[in-house]
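Data block below; observations after.
The values are calculated or read from the model by the stated rules, or taken from the named source; none is laboratory data. These numbers were taken from a predicted model, which means no experiment stands behind them. Note that each Cβ is placed from the backbone with ideal geometry, even for glycine, and that neighbours are counted across all protein chains shown. For the accessible areas, the whole protein counts, side chains as well, though only heavy atoms, and no ligand, DNA or RNA atoms are used. Shrake-Rupley method; radii C 1.70, N 1.55, O 1.52, S 1.80 Å.
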Amino acid sequence: MRVLKTEILRINPVQPEMDKIEYAAKVLRDNGTVAFPTETVYGLGANALNEQAVHKIFHAKGRPADNPLIIHISDLIELDKLVAGTTETVQKLASAFWPGPLTIIMKKSDIIPKIITAGLDTVAVRFPSHSVARSLIKASGLPIAAPSANSSGKPSPTIAQHVIDDLLGKVDMIIDGGPTEVGLESTVIDTTDEIPVLLRPGGITIEQLRNVLGEVHVDTAVTREIDKSTIPRSPGMKYTHYAPNAQVIIIEGNRQKVIETINQMTEEKRSQGMKVGVMSVDETASLYHAHHVLSVGSEGNPQSIAANLFHTLRKFDELGVDIIYAQSVNEQGIGMAIRNRLNKAAGYNIVRV
Ligand code: AMP
Ligand code: MG
C-alpha cells in the first residue's frame, strides 16, 4: 500500500476555526480522505459523488466492498437529490432527530455511485449535529460518504488518537476535535417497508423511535447472531466488529454469581499463565482481582458506558491482555446499543450464570 502523508489538524470542537475548516474542505473537494469527529464516533469522509474518492475509504479501512456507506449531509435540502423521494416517516424522523445520531435508509436516486450502496437500491443518509462535521460538510459543498474511521473490524474511534493508530499513512488528513460525545455509531432505521425496521441500535433509542413513529420492528440481527447463510438487511451486520485483539467473553446473570464466576475464571486462566482483563462497571470494579480491571463507566449513567466502551476495549489491547471477561450491562435505553456492540466484540461468546 502506498504511504500517504497524513496531515493532522486540531480544530476547536465548540467553535471551529473557519480557515482550518476551509483548508480541510479543500482536501474533500480534491477527492481526498479526511477523518473528522462527529457526535457518534470519528468518521472517514470523502466526496460521496466520486467513485475514486469513495474507493479510497474502502482501501484505507480494508472494508469489504459489500458493506455500504452512510452519506452525511449538512442541510435537509441536500436530501432531495440523494433519494428517490421522501415519505411521511422520513419527514417525522428528520424533524425529530436531525441533526443527530440517526441514519435513515431510503430508496436511492440515480446520482449515487454503486460503490456507496454496494449495489443496493437504497441509500443510508445522516445529518450529524457535531459542529466540526457540519461545518466541514457545508464548506465542502458535497455530500460526504463516511464510515467509522477505524480499520475494518476494530472498535470505532472515539478520539483522534484511535484514528491515528489505525489510519496514519492511509488517509490524507485527520482532524482532532477531541472526544466524541455518544461514543457508539448512529442508530440505523430502514424506512423502505410499510413498518420501519431498526437495523442497528445507537444513540437514538428504540423507545424514542416508537414515540415518534408508533410501530417499529427490530431486525433479528440486532440481538442475535446471524448464521452465515442468511443475507442480512444491513450488510455490515454480518461482519465481526468492534473486536479487540484479545478474546472477549461476556458473563451475564445474577450479579453475585457473575462476580464469582469472573473471579473463578480469572484464577483458572492466571494459573495457565494468561494475562487476564476484566471489564467492570464503577460499582463493581473493586470486587475483581484480575491483572487489569478497567471500569467501562457507571451503571447509574449508561451514557458514560456508551461513551467509554470502544476506548476501554482498545485499552485492553494496549495492556496486552490475552482474555477479557466483560460483565453484562442493562439493556434498557442506550443499553440495547451497548449490548449489541459488546455481543459483536465477543463474537457472541456469552456465559450465562
Ligand atoms: P459504519 O458507517 O461503518 O458505521 O457502517 C454503516 C452501517 O450502515 C453498516 O452496518 C451498513 O451495513 C449500514 N448501511 C449502509 N447503507 C445501507 C443500506 N443502503 N441498507 C442497509 N444498511 C446500510
Ligand atoms: Mg464502522
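In summary, the lysines within cross-link reach of residue 154, defined as a Cα separation below 17 angstrom excluding same-chain residues under 8 places away, comprise 61, 170, 238, 315, 344.
Each Cα pair under 8 Å and six or more residues apart adds its sequence gap; the mean of these over the residue count of the chain is a relative contact order of 19 percent. For the range 34-137, the per residue solvent-accessible surface stands at 35 Å², with DNA, RNA and ligands left out and a 1.4 Å probe. When peptides 95-106, 182-193 are ranked by their average number of other Cβ atoms within 10 Å per residue, the highest-first order is 182-193, 95-106.
Placing 2, 352 in order of accessible area, with the largest value first and a 1.4 Å probe, yields 2, 352. Working from Cα pairs under 8 Å separated by at least six residues, relative contact order for the range 115-196 is 19 percent.
Under the rule a/c < 1.5 gives rounded, and otherwise a/b versus b/c splits prolate from oblate, where does the range 13-53 land using the Cα gyration tensor? Note, shape of the range 13-53 comes out oblate.
For the chain, the 222 nm mean residue ellipticity estimated from helices alone, with every DSSP H stretch of n ≥ 4 adding -39500 (n - 2.57) and the total spread over all residues, rounds to -9500 deg cm²/dmol.
Ignoring aspartates and glutamates fewer than eight residues from residue 81 along the same chain, the ones with Cα atoms less than 14 angstrom from its Cα are 110.
Shape of the range 118-249 from its Cα gyration tensor (a ≥ b ≥ c, root eigenvalues): rounded if a/c is under 1.5, otherwise prolate when a/b > b/c, or oblate? Oblate, because a/c is 1.5 or more while a/b does not exceed b/c.
In the chain, a dipole from Cβ-located charges (positive for Lys and Arg, negative for Asp and Glu) runs towards its positive end, and of 223, 247, 14 it is 247 whose Cα lies farthest in that direction.
Carbon-plus-sulfur fraction of the accessible area of the chain, 1.4 Å probe, in percent? Reported share for carbon and sulfur atoms: 50 percent. Entry comment: accessible area of the range 246-296 is 48 Å² per residue, from protein heavy atoms only and a probe of 1.4 Å. With a ≥ b ≥ c the root eigenvalues of the C-alpha gyration tensor of the chain, is it rounded (a/c under 1.5), prolate (a/b larger than b/c) or oblate? Prolate. What percent antiparallel are the DSSP beta bridges of the chain, to the nearest 5? For the chain, the DSSP antiparallel bridge percentage is about 35. Straight Cα distances below 19 angstrom link residue 269 to the lysines 257, with same-chain residues fewer than 8 positions distant left out.
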